[in-house]
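A quick write-up on the structure given underneath.
The values are calculated or read from the model by the stated rules, or taken from the named source; none is laboratory data. The structure presented is a predicted model; accordingly, all values stated were derived computationally and were not measured. Heads up, the Cβs are rebuilt from the backbone with ideal geometry, glycines too, and the neighbour counts pull from every protein chain shown.
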Amino acid sequence: MGKFHIRLVGGWCGNRMTMVREHLTQLLDEKGYQVKIDEQSIWESYAPPQHVDLVLQLMPAFSPEELTPPSLLVRSFVRDFEHPETLERVLEAVAEYYFEEESPAQVG
C-alpha cells in the first residue's frame, strides 16, 4: 500500500507552496501519518488533481464539483503555517480519509 497522497494546489506562490508542503509533511510525520505531499501550480496545469487522497488549496482553484477527492481551502497557510483552525481542519481531514484500518489519531 502506498502513502496517503495529498496534492497542494496554488498559484504563483511557489516558494510558499514548498514551505507549506515541508511543514505539513513534518507535522503529519510527527503525528504518525505516512503521507506524500506534492505541489500543483494552476499556472502550469489547470487540470483538476486526480489519483490523490486529499486536495489542499492555497487558493480556490477548483470547486468541489470539479474534484473527485475531498478538498480543503487552506489559504491561511500563505500567511501563517500554524493557523490553528486551518491546521485543525487538515488534521481532521487526514484522520477521516487516511486509508489504514487504524489511523495514528485513533490510537492512544
**OP:** Mind listing whichever residues of region 63-78 are at pLDDT below 95 and touching a Ser or Thr at 6+ places or on another chain (Cβ under 8 Å)?
**Re:** 64
**OP:** Give the residues of region 1-39 that are in contact with a Pro (Cβ under 6 Å, 6 or more places away or on another chain) and not in a loop (DSSP other than H, G, I, E, B), sorted by residue number.
**Re:** 7
Subject >> Top-ranked residue in region 41-78 [being of a type in the set (Asp, Glu) and in a loop (DSSP other than H, G, I, E, B); ranked as surrounded by the fewest Cβ atoms within 10 Å (Cβ to Cβ)] >> reply: 44
Subject >> Every pair of residues 6+ apart whose Cβ atoms lie under 8 Å, when the first sits in region 45-64 and is within 14 Å of residue 86 (Cβ to Cβ) and free of Cβ contacts under 8 Å to residues at least 60 places away in the same chain while the second is part of a strand (DSSP E or B) and among the hydroxyl-bearing types (Ser, Thr, Tyr) >> reply: 54/71; 56/71; 57/71
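What residue, of 22, 30, 39, is at pLDDT 95 or above, touching a helix residue (DSSP H, G or I) at 6+ places or on another chain (Cβ under 7 Å) and farther than 15 Å from residue 73 by Cβ?
On the way: 22 fails: touching a helix residue (DSSP H, G or I) at 6+ places or on another chain (Cβ under 7 Å); 30 fails: touching a helix residue (DSSP H, G or I) at 6+ places or on another chain (Cβ under 7 Å).
Going through 22, 30, 39 in turn, just one is at pLDDT 95 or above, touching a helix residue (DSSP H, G or I) at 6+ places or on another chain (Cβ under 7 Å) and farther than 15 Å from residue 73 by Cβ: 39.
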Original post:
Filter region 3-18 for residues that are at pLDDT below 95 and hydrophobic (A, V, I, L, M, F, W, C); which is nearest to residue 46 (Cα to Cα)?
Top reply: 12
Original post:
more than 10 Å from residue 9 (Cα to Cα), touching a residue at least 24 places away in the same chain (Cβ under 8 Å) and among the small types (Gly, Ala, Ser) - does that describe any residue in region 27-40?
Top reply: yes
Original post:
Can you name the residue in region 79-108 that is assigned to a helix (DSSP H, G or I), surrounded by fewer than 17 Cβ atoms within 10 Å (Cβ to Cβ) and among the small types (Gly, Ala, Ser) and, of all such residues, is modelled with the highest pLDDT?
Top reply: 95
